[in-house]
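Okay, structure first, notes after.
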Amino acid sequence: RSRWDSIGDGRVLRVTLMHLTNSRLGCTSSPLRLTSDRGLSALGREFISHLESSNVLVDLAHASSRTFSDALEFHDRSKPMLVSHTGVQAVHPHWRNLTDRQLCAIADTGGIIGVFFHGPFLGGGFFGGRVEKVAKHVAHAVRLVGAQHVAIGSDWDGMIATPLDMPTCLELPRLVQALLNEGLSEVEIQLVLGGSFLRLLCAVRP
């Protein structure tokens, strides 16, 4: 029996390999890493193999650059990968955000990128900024890889500074309007607001 058999019992949909510090699986993108970027560990490779064979999504949110590339190189090419919550480097450079190359790499697996709402990481300032910042990150990702690979990854359950004009889900219509202002179509917005994730879910759990 595997040490992780319980993860493959159908109750777990995704697993993130690390958070703001390194784990036994790999290195974080956070400055709290306090070490060189050693990438994905042997245990991390074993864990990814188990997750994918169990139809559990591998979530590369918080992964360091080398851990990210190691995981993509190692994983089962028939399986999609996920970044559940991130920002976009091309819109606002930050250690927590993904480069265009990383966005394309996730899309090439058939996976999705979720854009979070944490203002300081999006360029909205310490107090959260405005919803337009979220829309700019989403719009860039959609133009780069297509709306079928972009989703909302709010991170409302984290310790985040949300946009001042969208502190809760009740204000999501403001994000819709901001996305329309960015030139996204209604079909693209429907994908971002849930359609792309449902596509991914059906691919993993048909």
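If only residues of the range 147-204 that are out of contact with any Gly (no Cβ under 7 Å at 6 or more places or on another chain), open to solvent by 80 Å² or more (accessible area, probe 1.4 Å) and not in a helix (DSSP H, G or I) are counted, the one that is modelled with the highest pLDDT is Trp156.
Pull up the range 111-133, narrow it to residues that are in a helix (DSSP H, G or I) and open to solvent by 30 Å² or more (accessible area, probe 1.4 Å), then point me to the one that is farthest from Ala151 (Cα to Cα). Selected residue: Pro120.
Only one of the listed residues (Gly195, Gly128, Gly111, Gly146) is within 24 Å of Thr28 (Cβ to Cβ) and under 18 Å from the mean Cα position of the chain (by Cα). That residue is Gly111. Of everything listed in (1) under 29 Å from Lys136 (Cβ atoms); (2) at pLDDT 95 or above, the single unmet condition for Asp70 is (1). Kindly establish whether Ser64 is open to solvent by less than 10 Å² (accessible area, probe 1.4 Å) and polar (S, T, N, Q). The answer is yes for Ser64. In the range 79-93, the residues that are farther than 12 Å from Ala141 by Cα form Cβ pairs under 7 Å with partners that are of a type in the set (Asp, Glu), at six or more places apart or across chains, as follows: Lys79/Glu52; Leu82/Asp59; Val83/Asp59; Ser84/Asp59; His85/Asp155.
Summed over the range 32-43, the residues that are in a helix (DSSP H, G or I) and surrounded by 15 or more Cβ atoms within 10 Å (Cβ to Cβ) give a count of 1.
Residues of the range 84-100 that are over 10 Å from the mean Cα position of the chain (by Cα) and closer than 14 Å to Ser30 by Cβ: His94, Trp95, Arg96. In the range 2-31, the residue that is least open to solvent (accessible area, probe 1.4 Å) out of those that are of a type in the set (Ser, Thr, Tyr) and part of a loop (DSSP other than H, G, I, E, B) is Ser30. Would it be correct to say that Ile152 is among the hydrophobic types (A, V, I, L, M, F, W, C) and more than 21 Å from His94 (Cβ to Cβ)? No; evaluated as a whole, the condition is false for this residue.
Restricting attention to the range 116-132, does a residue exist that is of a type in the set (Asp, Glu) and farther than 23 Å from Val58 by Cβ? Looking for residues that are of a type in the set (Asp, Glu) and farther than 23 Å from Val58 by Cβ, one finds at least one in the range 116-132, hence yes. Filtered by the rule that a residue be open to solvent by less than 30 Å² (accessible area, probe 1.4 Å) and touching a Lys or Arg at 6+ places or on another chain (Cβ under 8 Å), the range 44-61 gives Gly44, Glu52, Val56, Leu57, Val58, Asp59. In summary, Asp70 fulfils each of the numbered conditions (1) open to solvent by 10 Å² or more (accessible area, probe 1.4 Å); (2) assigned to a helix (DSSP H, G or I); (3) farther than 26 Å from Ile152 by Cα with the single exception of condition (3).
The values are calculated or read from the model by the stated rules, or taken from the named source; none is laboratory data. All values derive from a computational prediction rather than experimental measurement. All Cβ positions, even for glycine, are placed from backbone atoms using ideal geometry, and neighbour counts span all protein chains on display. For the accessible areas, the whole protein counts, side chains as well, though only heavy atoms, and no ligand, DNA or RNA atoms are used. Shrake-Rupley method; radii C 1.70, N 1.55, O 1.52, S 1.80 Å.
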